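Undergrad: Could you have a look at this structure, given as structure tokens, before my questions?
Readers should treat all values here as calculations from the given coordinates under stated rules, not as data from a laboratory. Everything quoted here is computed from the prediction, not taken from an experiment. No Cβ is skipped: glycine too gets one built from the backbone with ideal geometry, and neighbour counts run over all protein chains shown.
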């Protein structure tokens, strides 16, 4: 359409054209065109030889791709298989070593924080649970996160001390073959293609549910990355953590300060007059950025979105940092996070996780 013709169109028609263009920008991605049988066949071929029930794993992965309109290309297939192998070794509800001891330790820690005596905890655990066994008996036999989640849910719903210790908050927050976060799964329940048997929490501990929500977490968002390893780091540290860690590094270079490269641009709930570490550092550049505190905060609030990379703040910080460094700076960096969990018995980091998954991913591509 030529400029002269545009100027001759009535304003109402121009407005309608604008709405149509906008609508075209926000439509869902097209459904994959690859035949399901071809997708399932490739998934089976690319799994490690030791995996049992290969066809069922492939069927659940293909269904998740189709339901979420994620392209089932080789790179996406191998990304899912690599995370699944790393997190569970292709076990839908994997066992956790020393889980009874870990679980009792968590109960005792919470009781101590609330000044609840040990004999009171022991008395509560001696009560009969919903399946006829005492809570202590169930606690001694838990093997998987689902076992423990069910026990906690029962205690929260039936034992007064359970509600006091856990405050309606089940400590088991990940599960399934991809160890996806349960709060994330609950936020993505719309469009789940299977009948829900119980709750979304229950579905996460199944093969089909754990894969569906794990794939949503791994591949269900756009990124600016050119390497899958940064998406793997995000899977562990949170969406856009790799981009944000690189941005924090640029802020550090521009200001001459050392920042924790954890991908968290804002301290949750921090008032405007009490900014976190990264936000304080950015504010030191306020004059050079030509932005006040409010504008900086509004830009940083986009840190969990793709369009943070389109903000003036992002562009100007990199311009200042690259001028000072005298060289182009990376737009993605693996966050420097130490992994903390009662299940972890050795020092692990997000870099360790992302690197291990990336190795499995590359092996899958060559398989």
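Undergrad: When the convex hull of the C-alpha atoms of segment 99-175 is computed, what volume per residue in Å³ does it have?
TA: Details: hull volume 6.1 nm³, N = 77.
Dividing the Cα hull volume of segment 99-175 by its residue count gives 79 Å³.
Undergrad: Then there is this: Quick one: if you stick a label point 7 Å off each Cα along the C-beta vector at residue 362 and residue 67, how many nm between them?
TA: 3.4 nm
Undergrad: Suppose only helical runs count, i.e. DSSP H with n ≥ 4. What mean residue ellipticity at 222 nm does that imply for the chain under -39500 (n - 2.57) per run, divided by all residues and rounded to the nearest 500 deg cm²/dmol?
TA: So the helix-based figure for the chain works out to -17500 deg cm²/dmol.
Undergrad: I've got another one for you. Provide Rg over Rh for segment 218-367; use the alpha carbon set for both Rg and the Kirkwood Rh (inverse mean inverse pair distance).
TA: Radius of gyration over Kirkwood radius for segment 218-367 works out to 1.00.
Undergrad: Note down the relative contact order for the chain as a percent, whole number, built from C-alpha pairs under 8 angstrom at least six residues apart.
TA: Over the chain, the number comes to 17 percent.
Undergrad: If you average the sequence gap of Cα pairs under 8 Å that are 6 or more apart and divide by the length of segment 182-312, what percent do you get for the contact order?
TA: Reported relative contact order: 16 percent.
Undergrad: Just from the alpha-carbon atoms, what are the Rg and Dmax of segment 202-298 in angstroms?
TA: Looking at segment 202-298, its Cα Rg and Dmax stand at 16.8, 53 Å.
Undergrad: Let me ask something additional. For the chain, what ratio Rg/Rh do Cα atoms give with a Kirkwood hydrodynamic radius?
TA: 1.04
Undergrad: Next up: Normalise the Cα radius of gyration of segment 271-340 by 2.2 N^0.38 Å (N = residues in it) and let me know the number.
TA: Numbers: Rg = 13.1 Å, N = 70, 2.2 N^0.38 = 11.1 Å.
Cα-based Rg divided by the globular estimate yields 1.18.
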